[in-house]
1. Run down E82, E54 and say which single residue is within 18 Å of the chain's Cα centre (by Cα), open to solvent by 50 Å² or more (accessible area, probe 1.4 Å) and of a type in the set (D, E).
2. Within segment 197-220, work out how many residues are outside any strand (DSSP E or B) and either surrounded by 15 or more Cβ atoms within 10 Å (Cβ to Cβ) or without any contact (Cβ under 8 Å) to a residue 60 or more places away in the chain (or both).
3. Among the residues in segment 176-196, are any under 18 Å from the mean Cα position of the chain (by Cα), surrounded by fewer than 17 Cβ atoms within 10 Å (Cβ to Cβ) and of a type in the set (D, E, K, R)?
4. Condition first: within 29 Å of S229 (Cβ to Cβ), touching a residue at least 60 places away in the same chain (Cβ under 8 Å), hydrophobic (A, V, I, L, M, F, W, C) and open to solvent by less than 70 Å² (accessible area, probe 1.4 Å). Now tell me which residues in segment 139-160 satisfy that.
5. Could you tell me how many of the residues in segment 69-124 are free of Cβ contacts under 8 Å to residues at least 60 places away in the same chain and among the hydrophobic types (A, V, I, L, M, F, W, C)?
6. Consider L128 carefully, then state whether it is modelled with pLDDT of 95 or more and of a type outside the set (G, A, S).
7. Do you know which residues across segment 96-144 are among the aromatic types (F, W, Y) and more than 22 Å from V244 (Cβ to Cβ)?
Amino acid sequence: MTDADQYTEAFAQFYEATHRDREVGDETFYTEAARDADGPVLEGACGTGRLYLELLRAGVDADGFDVSPAMLDILRETAADEGLDPSVWQGDLRSPGADRTYELVFVPYNSFAALTTVEDQLTGLRALYDLLEPGGRLLFDAFVPRYEVIADSFGEWQPVREVTYDGETLRGRTKTTVESEVAQTYRGERQLLSTDDEVVATESYVSAHLPPQQVELLARRSPFETWTSYGGFDGEPLEDGASVQVWELEREG
């Protein structure tokens, strides 16, 4: 097996291929929030531009950052093909690196869960709070930990789709396992396989399960003055059966 670093671009293309035509369900929620904002918008963990490019297409004054340079390269290439001018950079939720303030900051697609310790989570909330204009909002979503999903699908390889990298056809697959029962974290693993089923590269990441009570406690310890939670992107109550929790935190005007 080769070092995953040699396939960083391939993994980014794998991510793009698996999300290019996929509707997550958050698209309308975040794009409408951005269009309605009375000032600049910042997307944290913008990836390959699934949402960010929609904002540029709509004429929104938007910046973005992501921890992966390879994903940002794909975003920039797509933007260039469409004649768009993105303002994106490499950054981390704990240290975004922005040089202006925003009316709206949002972190979609469970990306806040990449912060797996209370210290990092609070650092991230404080950093994003500091980027908001008075009266500005932070929006983010996180998966609701669901035990039936963990029992049924964790530990099993899930085939995804093929990507072409450096003239070679590669097949990607993913697997999720429990990383720590005590810390309530899980490990996502991606593999790239050659056409003869040889594993050529593996990469993994760890994310936190974030029960709503923990997110509320984080909000209470953060600088944010008010917060609201929902059980989805249509404003429904957060209760049993919800697959996603949406949080809206406000900085007072």
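The values are calculated or read from the model by the stated rules, or taken from the named source; none is laboratory data. Worth saying up front: this structure is predicted, and the values here are computed from it rather than measured. Virtual Cβ from ideal backbone geometry, glycine too; neighbours counted across all protein chains shown. These area figures cover heavy atoms from the full protein model, side chains too; ligands, DNA and RNA do not enter into them. Shrake-Rupley method; radii C 1.70, N 1.55, O 1.52, S 1.80 Å.
1. Working: E82 fails: within 18 Å of the chain's Cα centre (by Cα).
Answer to the selection: E54.
2. The initial filter retains those residues of segment 197-220 that are outside any strand (DSSP E or B), namely 197-198, 209-220.
Right, trim to either surrounded by 15 or more Cβ atoms within 10 Å (Cβ to Cβ) or without any contact (Cβ under 8 Å) to a residue 60 or more places away in the chain (or both) and you get 197-198, 209-210, 212-220.
Number satisfying all stated conditions: 13.
3. The answer is yes; a qualifying residue exists.
4. Result: L139, F140, A142, V144.
5. Residues flagged as free of Cβ contacts under 8 Å to residues at least 60 places away in the same chain and among the hydrophobic types (A, V, I, L, M, F, W, C) within segment 69-124 amount to 10.
6. Numbers: modelled with pLDDT of 95 or more: yes; of a type outside the set (G, A, S): yes.
The answer is yes for L128.
7. Kept after step one, since they are among the aromatic types (F, W, Y), are these residues of segment 96-144: 102, 106, 109, 112, 129, 140, 143.
Once the filter is applied, which keeps residues that are among the aromatic types (F, W, Y) and more than 22 Å from V244 (Cβ to Cβ), segment 96-144 yields Y102, Y129.
For (1) open to solvent by 20 Å² or more (accessible area, probe 1.4 Å); (2) within 28 Å of T164 (Cα to Cα), each residue gets a yes or a no:
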residue	(1), (2)
F14	no, yes
E23	yes, yes
Y30	no, no
D36	yes, no
V41	no, no
D63	no, no
P96	no, no
